[in-house]
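Nothing in this text is a laboratory measurement; each read-out follows from the coordinates by a stated rule. Computed from a predicted model, the values in this text were never measured in an experiment. Heads up, the Cβs are rebuilt from the backbone with ideal geometry, glycines too, and the neighbour counts pull from every protein chain shown.
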Amino acid sequence: MTRKIPPQSFGSLRVRTPLSLPGQRIGIMGGTFNPPHEGHRIAAEAAMKRLRLDQVWWLITPGNPLKSHNGLPPLEGRMKLVEAFAHGPRMKITGFERELGTRYTAGTLSFLKHRFPATHFVWIMGADNLATLHRWQHWRDIAGTMPIAVVDRPGWRHAALSSPAAQALKRYRLPESEAAGLAGKKPPAWMLLTIRLSGLSSTALRTATSHTTSATP
């Protein structure tokens, strides 16, 4: 069962999201993006093309409940950094989870489905996230709220497909040949998208930056 969100939150103007029109196909790609990198852009652009999306929303979160927030830069700063990677008018940058007041993806996706019932949403996640999805709060509700596009990541395919969540949802996996229709599928529905891989990761970039800073005289 997803976390309860106050009913007024679903229609509250204080929760500012990008514009969504009835019938549009929109991908939601969430994360702390600390920092954003080329791999994120490859994933967003591939999902846009393969899933035939009208928009991709880069949802920059206040913080991941499964990760330490020590040293996490302010939300506004991370949103500005994402602007350098989210090229094109169909790439939208948003941080509405802060106004929404939910810490978990399940609550966020429930909010979107209630506010935009005529929009076809797809949750976009990396294969590394599928590998640990069973640790997420109400992960089965996530799978039951909107279709999921799992974007391949270097070294994560086997761990992702053999994970508890992938095994539990195995009968709902669709072939990549049906990617163009994923947004219109009734959940649970998911697939693994094979894309051009990038070895970059936010963790590695933070580590490299830390080492460079500490070595500066």
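The table for this structure:
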read-out	value
Chain lengthening between R196 and R52 when straightened (0.36 nm per residue, less Cα-Cα)	50.1 nm
Three principal axis lengths of the range 12-60 [C-alpha, angstrom, descending]	33, 26, 9
Relative exposure of H37, H120, H158, judged by other C-beta atoms within 10 Å (fewest first)	H158, H37, H120
Residues L51, L21, L75, sorted so that the one with the fewest Cβ neighbours within 10 Å comes first	L21, L75, L51
I28 long-range amide H proximity, modeled H, under 5 Å	W57, V122, W123, I124
Over the range 24-215: Kirkwood hydrodynamic radius from C-alpha pairwise inverse distances, Å	16.9 Å
In order through the range 174-181: 3J(HN,Hα) via Karplus (6.51 cos²θ - 1.76 cosθ + 1.60), integer Hz, x for Gly, Pro	10, x, 4, 5, 9, 4, 4, x
Virtual spin-label span in nm between Q167 and K113, 7 Å along Cα→Cβ	2.6 nm
